[in-house]
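Following: one structure in structure tokens, then a few remarks.
The values are calculated or read from the model by the stated rules, or taken from the named source; none is laboratory data. In this text the structure is predicted, and so the values were computed from the model without any measurement. Reconstructed Cβ throughout: ideal geometry from the backbone, glycine too, with neighbour counts over all protein chains shown. Heavy atoms of the whole protein, side chains included, go into the accessibility calculation; ligands, DNA and RNA do not. Shrake-Rupley method; radii C 1.70, N 1.55, O 1.52, S 1.80 Å.
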Amino acid sequence: MRVATLLPSATETLFALGVEPVGVSHSCDHPPAARDLPTLTSTVVDHADRSASEIDAQMRSVDGAVYDLDVDRLAALEPDLVVTQATCDVCAVDAGAVHEAVASLDPAPEVLTLDPHSFGDVLDDVTRLGEAVDRPDAAAALTDRLTARVERVRERAVADVGRPRTAVLDWTDPPIRAGHWVRDMVETAGGDPSFQPDGASEPVAWGDVRAYDPEVLVVAPCGFERDRAVEAVADLAGRPGWRDIAAIADDRVYALDGNALFNRPSHRLVDSLEALFACLHPDDAATSPSADDRIARVDDAAVRSVRADGG
């Protein structure tokens, strides 16, 4: 089957199921082999070397579509199936635009639209993708392995004492608290999930972050790798009352690779769950946060270093 995928999470899962797409989005970078495949999308937003506030300003200023689909290239690849999403218009080509483009092709491929909003939805989509690409056995085997890992985290979390107040931000300027599957993940990993919205990610006033007073602060900006996430934390550190927050006082602020963790609803969300557990309960984790190169603990020294470098 010839499959074109327009979102990184589907690309990741397809590779895990043994299916190499014929075309991918411009954001697809995992596994590394995805970077060598024909690219079907582009964006008018310039993310390179831009701060969170600059990227947000660009997004707000766009008049029209943020992402473009190369319909001619898609037609030339002659896919049997196109995989898209309806979860977030900020993250990928609008699903309506995809359906319109596909309808213009002859013959028109099938379209699978993924729309996960919970951690369970993400795992269910592994099965949906497997069935759509004729790999149901591979999907079942992958789902079994993922479920076993989730249960191990859940058991460790139940055995641990206490649920620290946890705040997960997937943007910092303006602050946005991570929604969709993140609330489920915080609860499963043994944290207090009450700060996270029961729905889509949403802007939050800095005063509300201070009032919640998280004991663990996790910053995983959408599309940012770990070092850029550290810079985003340094930006937060300039806000009033930063030092009064419990997580800052106790050195429990973590910058995570949002590009690999949290942001993409692929099978790798289980990696994210394990990383989150390590941040919340480092003494009981199989791998400590300091041993994971996708995680950086950000203390005052790290913030000063970023600012000294002009970050």
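If you take the residues in segment 19-29 that are more than 15 Å from VAL98 (Cβ to Cβ) and modelled with pLDDT of 95 or more, which one is most open to solvent (accessible area, probe 1.4 Å)? Filtering first and then ranking leaves GLU20.
Residues are listed down the side, and each one gets a yes or a no for (1) among the hydroxyl-bearing types (Ser, Thr, Tyr); (2) out of contact with any Pro (no Cβ under 8 Å at 6 or more places or on another chain):
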residue	(1), (2)
ARG228	no, no
ALA237	no, yes
ASP244	no, yes
ASP251	no, yes
PHE262	no, yes
ASP284	no, yes
THR287	yes, yes
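Would you check which residues across segment 2-12 are of a type outside the set (Asp, Glu), farther than 17 Å from ALA86 by Cα and either at pLDDT below 95 or out of contact with any strand residue (DSSP E or B) (no Cβ under 6 Å at 6 or more places or on another chain) (or both) and list them? If the condition is that a residue be of a type outside the set (Asp, Glu), farther than 17 Å from ALA86 by Cα and either at pLDDT below 95 or out of contact with any strand residue (DSSP E or B) (no Cβ under 6 Å at 6 or more places or on another chain) (or both), then ARG2 is the only one that fits. Of all the residues in segment 250-265, those that are open to solvent by less than 10 Å² (accessible area, probe 1.4 Å), within 17 Å of the chain's Cα centre (by Cα) and either under 18 Å from ALA234 (Cβ atoms) or modelled with pLDDT of 95 or more (or both) number 3. Does segment 224-238 include one or more residues that are open to solvent by 10 Å² or more (accessible area, probe 1.4 Å), free of Cβ contacts under 8 Å to residues at least 60 places away in the same chain and β-branched (Val, Ile, Thr)? Checked against the condition, which is being open to solvent by 10 Å² or more (accessible area, probe 1.4 Å), free of Cβ contacts under 8 Å to residues at least 60 places away in the same chain and β-branched (Val, Ile, Thr), segment 224-238 yields no hits at all.
Filtering segment 194-219 down to residues that are among the aliphatic types (A, V, I, L, M), part of a loop (DSSP other than H, G, I, E, B) and at pLDDT 95 or above, which residue is most open to solvent (accessible area, probe 1.4 Å)?
Quick first cut of segment 194-219, residues among the aliphatic types (A, V, I, L, M) only: 200, 204-205, 209, 211, 216-219.
Filter again for part of a loop (DSSP other than H, G, I, E, B), leaving 200, 204-205.
Cutting the leftovers down to at pLDDT 95 or above gives us 204-205.
Numbers: VAL204: 11, ALA205: 55 Å².
Among residues in segment 194-219 that are among the aliphatic types (A, V, I, L, M), part of a loop (DSSP other than H, G, I, E, B) and at pLDDT 95 or above, the one most open to solvent (accessible area, probe 1.4 Å) is ALA205.
Scan segment 23-47 for residues that are out of contact with any Phe, Trp or Tyr (no Cβ under 9 Å at 6 or more places or on another chain) and closer than 20 Å to ALA139 by Cα and the total you get is 0.
Filtering segment 163-193 to residues that are in contact (Cβ under 8 Å) with a residue 24 or more places away in the chain, of a type outside the set (A, V, I, L, M, F, W, C) and assigned to a loop (DSSP other than H, G, I, E, B) leaves ARG163, PRO164, ASP173, PRO174, HIS180, GLY190, GLY191, PRO193. Take the conditions (1) under 18 Å from ARG163 (Cβ atoms); (2) open to solvent by 10 Å² or more (accessible area, probe 1.4 Å); (3) at pLDDT 90 or above; PHE277 misses just one of them, which is (2). Listed by first and then second residue, the pairs with beta-carbon distance under 9 Å, at least 6 apart or on different chains, first residue in segment 56-80 and farther than 23 Å from PRO203 by Cβ and β-branched (Val, Ile, Thr), second surrounded by 15 or more Cβ atoms within 10 Å (Cβ to Cβ) and modelled with pLDDT under 90, are VAL71/ALA101; VAL71/VAL102.
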